[in-house]
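**Q** Pasting a structure below so you can have a look.
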Amino acid sequence: MLDTIRRRFLALQPSADFCSLRYVEEDREQLRVRQGRQQPLSRRHDRGAMLTVLDGGGYGYAATADLSEAGLRAAFERARSWARATAGHGVFDYRGIALPHPGGRYQGQGSVEAEAWPRAALLDLLLSESAAAKGDDARIVDWSAGLVRQDIRQLYLTSGGGETEQQLRAVTPSLAVTVFADGRVQTRSLGGQYGGLGRQGGMELIAEAGLKGAGRRVADQALQLLYAPNCPSGAMDLLLMPEQMMLQIHESIGHPLELDRILGDERNYAGTSFVTPDMFGSYRYGSELLNVTFDPLQRKELASYGWDDDGKAAAKAWLIRDGVLERPLGGDISTARARLNGFALDGVANSRACNWNRPAIDRMANLNVEPGDKTFEQLVAGIERGVLMQTNVSWSIDDSRNKFQFGCEWGQLIEDGELKGVVRNPNYRGVSASFWRSLKAVGDASTFAVLGVPHCGKGEPNQVVRVGHASPACVFGDVDVFGGAA
């Protein structure tokens, strides 16, 4: 199919200042078992192309599932007509930007094993773990396990001879158990209830996620939570494990640093950002221990790739170094718009679309906190009074991504440098602009974990993309912690 698309794009001979074609083919399958019963297999396969045109200073795009030469030509004509209609009327003259004409091929981790998906054996594994989770315990009222596979092929062509091909595979295991007794309900999961164990790779990811043997282990933890005391309230140290750091990074660093949001594009929908363009280069975002990188070349993370959807080559970049804000999450078009407003910002390769039928906008990809120098034991030993929290269960944050309140599935007291008993309903709240400045210790590589967010939403119409987050365990001081009764 890719060769056919190449030939048909060449035949278009698009007459415009710039034209690109982005072809995307995605095959997705979900296996799921709930309460011991196999659920209907879900499989979706779709493909199509997005034509983008810059002409006379205007910008236009049109998507089509009709991949015939006539269909692609019709999409090109629509995109060019939009470009010409908007020329001279937009806030930005697109003649001020030169989009790249890249070349090359990127094969993601595990993508060459695209045929390896032993469905019967995988269903047997899900049924086995589901049965182990339930046992014969009447307090276990809901339990499920699942696997999602996504195989993606992309071809990007430009009127200047650019051509890139990318092939990716992502696998997301999941397992969750809900228990009920004495009027209380608790849920415990493997890696979170929103696909936190999603990564790029092959069948090895299932073992690395610990799915085998997880049924009984997760059920036992859910039962511990059921009878645990409520989390205490007050200002204290907070030890966040990577499964919760993932959400903290996503909501209070990732979204605030998206440059199109900073420029106001998301105001009507998901909101703005407390970050303003003049902060880059000088604003103290966190303590000197905070180092945050954008790295789409981390091959096992969920949003790894060789080029973004505007053809910019992927590269690791520091967004926050030693606590100081350095650069935003902005692609070539957003950084050009910022320069027009007097802000010479360096961007990253993060123009991304969720599929062939959406335009690229600024998105997170792999956004990570770099490891520090403390072992887990040293992190705990440094806490006189605090709570360990892991695995997000709820979140709320204002539309400028500043004031937040997050809840976790699992909590454990820490007193005098030692881990104590389990507590239920652990929550904390803070303000992004000051929370990261309370970072007082960062775990080393032994505490580091690679996780992901498979359903990050943004844009109108909505676009749901895969995002990777890797982090060590981290300790924050003097945090407002509270239990479910607060």
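The values are calculated or read from the model by the stated rules, or taken from the named source; none is laboratory data. Everything quoted here is computed from the prediction, not taken from an experiment. Every residue, glycine as well, gets a Cβ built from its backbone with ideal geometry; the counts of neighbours run over all protein chains shown. The protein model used for the area step is the full one, side chains on, heavy atoms only, and it has no ligands, DNA or RNA in it. Shrake-Rupley method; radii C 1.70, N 1.55, O 1.52, S 1.80 Å.
**Q** Are any of the residues in segment 64-82 open to solvent by 20 Å² or more (accessible area, probe 1.4 Å), over 19 Å from residue 165 (Cα atoms), among the aromatic types (Phe, Trp, Tyr) and within 28 Å of the chain's Cα centre (by Cα)?
**A** Looking for residues that are open to solvent by 20 Å² or more (accessible area, probe 1.4 Å), over 19 Å from residue 165 (Cα atoms), among the aromatic types (Phe, Trp, Tyr) and within 28 Å of the chain's Cα centre (by Cα), one finds none in segment 64-82, hence no.
**Q** Okay, moving on. Might you check whether a residue that is outside any helix (DSSP H, G or I), open to solvent by 10 Å² or more (accessible area, probe 1.4 Å) and either closer than 23 Å to residue 190 by Cα or touching an Asp or Glu at 6+ places or on another chain (Cβ under 8 Å) (or both) occurs anywhere in segment 362-370? So that I can check it myself, show each step before the final result.
**A** Going through segment 362-370, the residues outside any helix (DSSP H, G or I) turn out to be 362-370.
Checking which are open to solvent by 10 Å² or more (accessible area, probe 1.4 Å) leaves us with 370.
Among the residues that remain, those that are also either closer than 23 Å to residue 190 by Cα or touching an Asp or Glu at 6+ places or on another chain (Cβ under 8 Å) (or both) are: none.
Within segment 362-370, none of the residues are outside any helix (DSSP H, G or I), open to solvent by 10 Å² or more (accessible area, probe 1.4 Å) and either closer than 23 Å to residue 190 by Cα or touching an Asp or Glu at 6+ places or on another chain (Cβ under 8 Å) (or both).
**Q** Kindly indicate the residue of segment 28-49 that is part of a strand (DSSP E or B) and open to solvent by 90 Å² or more (accessible area, probe 1.4 Å) and also nearest to residue 2 (Cα to Cα) among those meeting that condition.
**A** First pass over segment 28-49, keeping only residues part of a strand (DSSP E or B): 28-34, 37-38, 42-49.
After this cut, where a residue has to be open to solvent by 90 Å² or more (accessible area, probe 1.4 Å) as well, the list is 34, 37-38, 43-45, 47.
Details: 34: 39, 37: 40, 38: 36, 43: 22, 44: 20, 45: 16, 47: 11 Å.
Per the stated criteria, the residue is 47.
Residue-wise test of (1) open to solvent by less than 10 Å² (accessible area, probe 1.4 Å); (2) of a type in the set (Ser, Thr, Tyr); (3) over 17 Å from the mean Cα position of the chain (by Cα).
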| site | (1), (2), (3) |
| --- | --- |
| 212 | no, no, yes |
| 221 | no, no, yes |
| 238 | yes, no, yes |
| 244 | yes, no, no |
| 247 | no, no, no |
| 257 | yes, no, no |
| 262 | no, no, yes |
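**Q** Scan segment 89-116 and report the pairs whose first residue is closer than 30 Å to residue 29 by Cα and among the aliphatic types (A, V, I, L, M) and whose second residue is modelled with pLDDT of 90 or more and open to solvent by less than 30 Å² (accessible area, probe 1.4 Å), with Cβ atoms within less than 7 Å and a gap of 6+ or a chain change.
**A** 114/151; 114/169; 116/202
**Q** Among 47, 84, which is the only one that is of a type in the set (Lys, Arg) and out of contact with any Lys or Arg (no Cβ under 9 Å at 6 or more places or on another chain)?
**A** Numbers: 47 fails: out of contact with any Lys or Arg (no Cβ under 9 Å at 6 or more places or on another chain).
The unique qualifying residue is 84.
**Q** Please find, within segment 469-484, the residue that is modelled with the lowest pLDDT out of those that are assigned to a loop (DSSP other than H, G, I, E, B) and farther than 13 Å from residue 374 by Cβ. Steps first, please.
**A** Within segment 469-484, the first condition is being assigned to a loop (DSSP other than H, G, I, E, B), and the residues that meet it are 472-473, 483-484.
Of the ones still in play, those that are also farther than 13 Å from residue 374 by Cβ are 483-484.
On the way: 483: 94, 484: 82.
Within segment 469-484, the match that is modelled with the lowest pLDDT is 484.
**Q** Looking at segment 457-469, which of its residues are within 10 Å of the chain's Cα centre (by Cα) and more than 20 Å from residue 151 (Cβ to Cβ)? Lay out the reasoning, then the answer.
**A** Taking segment 457-469 first, the residues within 10 Å of the chain's Cα centre (by Cα) are 457, 464-469.
Correct list: 457, 469.
**Q** In segment 83-106, what residues are open to solvent by 60 Å² or more (accessible area, probe 1.4 Å) and part of a loop (DSSP other than H, G, I, E, B)?
**A** If the condition is that a residue be open to solvent by 60 Å² or more (accessible area, probe 1.4 Å) and part of a loop (DSSP other than H, G, I, E, B), then 88, 89, 91, 93, 98, 101 are the ones that fit.
**Q** Here is a list: 345, 319, 302. Which entry is open to solvent by less than 60 Å² (accessible area, probe 1.4 Å), over 28 Å from residue 19 (Cα atoms) and part of a loop (DSSP other than H, G, I, E, B)?
**A** Details: 345 fails: over 28 Å from residue 19 (Cα atoms); 319 fails: part of a loop (DSSP other than H, G, I, E, B).
The match here is 302.
**Q** Follow-up. When you go through 273, 282 one by one, which is the residue that is more than 29 Å from residue 193 (Cβ to Cβ), among the polar types (S, T, N, Q) and open to solvent by 10 Å² or more (accessible area, probe 1.4 Å)?
**A** Matching residue, one of 273, 282: 282.
**Q** Something else: Go through the residues of segment 407-414 one by one and say whether even a single one is in contact (Cβ under 8 Å) with a residue 12 or more places away in the chain, of a type in the set (D, E, K, R) and open to solvent by less than 10 Å² (accessible area, probe 1.4 Å). Working first, answer last.
**A** Step one: of segment 407-414, the residues in contact (Cβ under 8 Å) with a residue 12 or more places away in the chain are 407-414.
Cutting the leftovers down to of a type in the set (D, E, K, R) gives us 409.
Still in the list and also open to solvent by less than 10 Å² (accessible area, probe 1.4 Å): 409.
The answer is yes, given that some residue of segment 407-414 is in contact (Cβ under 8 Å) with a residue 12 or more places away in the chain, of a type in the set (D, E, K, R) and open to solvent by less than 10 Å² (accessible area, probe 1.4 Å).
**Q** A follow-up question, please. Condition (residue is in a helix (DSSP H, G or I), closer than 20 Å to residue 368 by Cα and of a type in the set (A, V, I, L, M, F, W, C)) applied to segment 395-416: is it met by at least one residue?
**A** no
**Q** Return the residue satisfying two criteria in turn: it lies in segment 429-456 and is part of a strand (DSSP E or B) and over 23 Å from the mean Cα position of the chain (by Cα), and of such residues it is surrounded by the fewest Cβ atoms within 10 Å (Cβ to Cβ). Can you show your working first?
**A** Here is the first cut: in segment 429-456, the residues part of a strand (DSSP E or B) are 429-431, 439-443, 449-456.
Right, trim to over 23 Å from the mean Cα position of the chain (by Cα) and you get 440-441.
Details: 440: 17, 441: 23.
The selected residue is 440.
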